[in-house]
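Below: the structure, in C-alpha cells.
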Amino acid sequence: MSSSNLSGRISWVSIAAVGAVIAAGAGLYLTTYLQSNHDRVQRLRKAKQKYRHLLSELSECKGILNYIDTELFPRAHELAKPSSETDARDVEAKRRELLGIGEQILRLMEKIDGVAPALVMDAAGMEPWTEHDVDLKQDAEHKGLGQVLDLAGDIRAIRKSLIQKAERRAKTIDTLKASIKQPADQI
C-alpha cells in the first residue's frame, strides 16, 4: 500500500472520530437541555396547579365574606338598634347572636390564613423565602421560574385584601356588641 493511500484513510478515520465525538457531545448537551426544560415545565405546572387550588379556596372565602355582608351584617345592625322593650334575656340573646357572627368571621380569617403564598413556591420546588433573598430570586428567574414569584404575589394580594375586609367586619361586630346595653344601663 502506498503511504498516500494510508494517510488518506487515517485522515478519514480521524475526521469520522472527531465527528462522532462532536455528535455525542451535541447529543449529550441536547439531552441535558431537554431534561432541564422538562423539569422547569413540570415545576411550573405544579405551581400553577397549586395556584388554581389556592385561588378556588380564596374564591370560597370571598363567597363566605359576601354571605356575611349580605345576610349576617344587616341582622347584626338590626340587633344593635336600641329597643325600649328589652329585658335582660333579650339583651343576652342579642349578644350571643353577635358573638356567633363574630365567630364566623374569626373562622373565615383562619381559613384565609391557611392560604399561604409560600405553598405555590413550595409546589415549584422553591424555598418559601426565595422572593425575599435577592440571590435566590435571581437564580429562580434565571431558571425560568420567575412566573412562580408572580403567582405567589397574586395570591398574597388577594389574601391581604380579604383579611383587611374581614378585620373591618370583626371590628364593626365588636363595636355593635359594645353598643348593646343592659336594660338597667338605659336610664
- Query: Would a scan of the stretch 141-151 turn up a residue that is open to solvent by less than 70 Å² (accessible area, probe 1.4 Å), charged (D, E, K, R), in a helix (DSSP H, G or I) and more than 30 Å from ALA80 (Cβ to Cβ)?
  - Reply: no
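Scan the stretch 81-97 and give yes if some residue there is more than 30 Å from LYS171 (Cα to Cα), open to solvent by 30 Å² or more (accessible area, probe 1.4 Å), assigned to a helix (DSSP H, G or I) and out of contact with any strand residue (DSSP E or B) (no Cβ under 9 Å at 6 or more places or on another chain), otherwise no. Step through it out loud before you land on a result.
To start, the set of residues in the stretch 81-97 that are more than 30 Å from LYS171 (Cα to Cα) comprises none.
Scanning the stretch 81-97, I find no residue that is more than 30 Å from LYS171 (Cα to Cα), open to solvent by 30 Å² or more (accessible area, probe 1.4 Å), assigned to a helix (DSSP H, G or I) and out of contact with any strand residue (DSSP E or B) (no Cβ under 9 Å at 6 or more places or on another chain), so the answer is no.
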- Query: If a residue has to be within 30 Å of ARG96 (Cβ to Cβ) and open to solvent by 80 Å² or more (accessible area, probe 1.4 Å) to count, how many in the stretch 36-65 make the cut?
  - Reply: 2
- Task: Hey, can you tell me all the residues within the stretch 117-140 that are among the hydrophobic types (A, V, I, L, M, F, W, C), without any contact (Cβ under 8 Å) to a residue 60 or more places away in the chain and either assigned to a helix (DSSP H, G or I) or within 30 Å of ALA76 (Cβ to Cβ) (or both)?
- Result: ALA118, VAL134, LEU136, ALA140
- Task: Within the stretch 81-97, track down each residue that is modelled with pLDDT under 90 and of a type outside the set (Ser, Thr, Tyr).
- Result: LYS81, PRO82, GLU85, ASP87, ALA88, ARG89, ASP90, VAL91, GLU92, ALA93, LYS94, ARG95
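Would you point out the residue of the stretch 26-59, among those that are among the charged types (D, E, K, R) and in contact (Cβ under 8 Å) with a residue 24 or more places away in the chain, that is farthest from ALA166 (Cα to Cα)? If you could, list the steps in order and put the result at the bottom.
So the first thing to find is which residues in the stretch 26-59 are among the charged types (D, E, K, R), and the list is 39-40, 43, 45-46, 48, 50, 52, 57.
From the residues that got through so far, the ones that are in contact (Cβ under 8 Å) with a residue 24 or more places away in the chain too are 40, 43, 46, 48, 50, 57.
Values: ARG40: 37, ARG43: 33, LYS46: 30, LYS48: 27, LYS50: 24, GLU57: 15 Å.
Within the stretch 26-59, the match that is farthest from ALA166 (Cα to Cα) is ARG40.
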- Message: Kindly evaluate GLU78 against the criterion of being more than 15 Å from the chain's Cα centre (by Cα), closer than 30 Å to HIS53 by Cβ, open to solvent by 80 Å² or more (accessible area, probe 1.4 Å) and modelled with pLDDT of 80 or more.
- Response: no
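The values are calculated or read from the model by the stated rules, or taken from the named source; none is laboratory data. None of these values were measured; they are calculated from a predicted model. Every residue, glycine as well, gets a Cβ built from its backbone with ideal geometry; the counts of neighbours run over all protein chains shown. All accessible areas refer to the heavy atoms of the entire protein, side chains included, with ligands and DNA or RNA removed. Shrake-Rupley method; radii C 1.70, N 1.55, O 1.52, S 1.80 Å.
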